[in-house]
Amino acid sequence: MESIIHVDGLLTALCARNVEKALLKLPGVYHVVANSLNCTATVHYDETQVALAQLQAAVADCGYVCAGEALPDHMAHTQHAQPASSIEHAAHAAPSSMEDHSAHDGKPGMTAAAMERDMRNRFLVSLVLTVPVFLFSHLATQILGLHLMLPFGLNDKLFGFILTTPVVIYGAWPFYIGARNGLRQGVLNMSVLVALSVLTGYLFSVAAA
């Protein structure tokens, strides 16, 4: 049997390879082609050994958003030709295959829109905390000529540590989750590179202080 699964979050070919390896580990799955351009995974499998829900769960375990089963073009045209009432009735009569199985940030059920909102919030929080670190740094003094007094009698190292730590933990948390999922599948994806660079820079700075 062939199923085309829509997978949000396939940013690179490495992400697609990550999904392929995860699906091929399931019993009964004998061929998988994941496409990062159209964000789909075409799976050939024995439906007596593995169910569609298991395929979706495997994709979610990789840290990607499984938006359900996508219809091939010829089936999509046929469906659009049906009366709207028939389509609506079928949608209510059958279990939804479009259930979101995201594992983003360890929160199952997060939609693509929720993921975007979550990432935007993390960026804004990180930005708010990063600006003071720069303004009170020696770099701002050299470039902008600023000579600001640190609040509460803190020294510059402790001040930077207090504001930077939440950025490293909260701001980069989705990348740590993605790196963990990639390493579990034996894939060095982009999240691994981001997590490694962030943690290396942070730990080196803390040790040097």
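The values are calculated or read from the model by the stated rules, or taken from the named source; none is laboratory data. What you see is a predicted model, and the numbers here were worked out from it, not measured in a lab. With ideal geometry, Cβ positions are generated from the backbone for all residues, glycine too; neighbour counts draw on all protein chains shown.
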- Of all residues in region 149-166, which are part of a loop (DSSP other than H, G, I, E, B) and exposed (fewer than 12 other Cβ atoms within 10 Å of the Cβ)? 149, 155
- Task: Tell me which of these residue 146 doesn't satisfy, since it passes every other one: (1) over 30 Å from residue 58 (Cβ atoms); (2) in contact with a Gly (Cβ under 6 Å, 6 or more places away or on another chain).
- Result: (2)
- part of a helix (DSSP H, G or I), modelled with pLDDT under 85 and either touching a Lys or Arg at 6+ places or on another chain (Cβ under 6 Å) or not aromatic (Phe, Trp, Tyr) (or both) - does that describe any residue in region 116-134? yes
- Could you list, in sequence order, the residues of region 28-46 that are over 17 Å from residue 60 (Cα atoms) and not in a strand (DSSP E or B)? 28, 37, 38, 46
- Message: Given the criteria under 27 Å from residue 12 (Cβ atoms) and loosely packed, with under 13 Cβ neighbours inside 10 Å, does residue 144 qualify?
- Response: no
- Note on region 4-20: residues surrounded by 19 or more Cβ atoms within 10 Å (Cβ to Cβ) and polar (S, T, N, Q) are 18
- Message: I need the full set of residues from region 33-51 which are surrounded by fewer than 21 Cβ atoms within 10 Å (Cβ to Cβ), aliphatic (A, V, I, L, M) and at pLDDT 90 or above, in order please.
- Response: 33, 50, 51
- Task: Find all pairs meeting these conditions: Cβ atoms under 9 angstrom apart; at least six residues apart or on different chains; first residue within region 115-138 and within 19 Å of residue 156 (Cβ to Cβ) and in the same structural domain as residue 178 (by TED's automatic domain parsing); second residue polar (S, T, N, Q) and at pLDDT 90 or above.
- Result: 129/164; 130/164; 133/164
- Filter result (of a type in the set (Asp, Glu) and either assigned to a helix (DSSP H, G or I) or modelled with pLDDT of 90 or more (or both)) within region 1-20: 2, 20
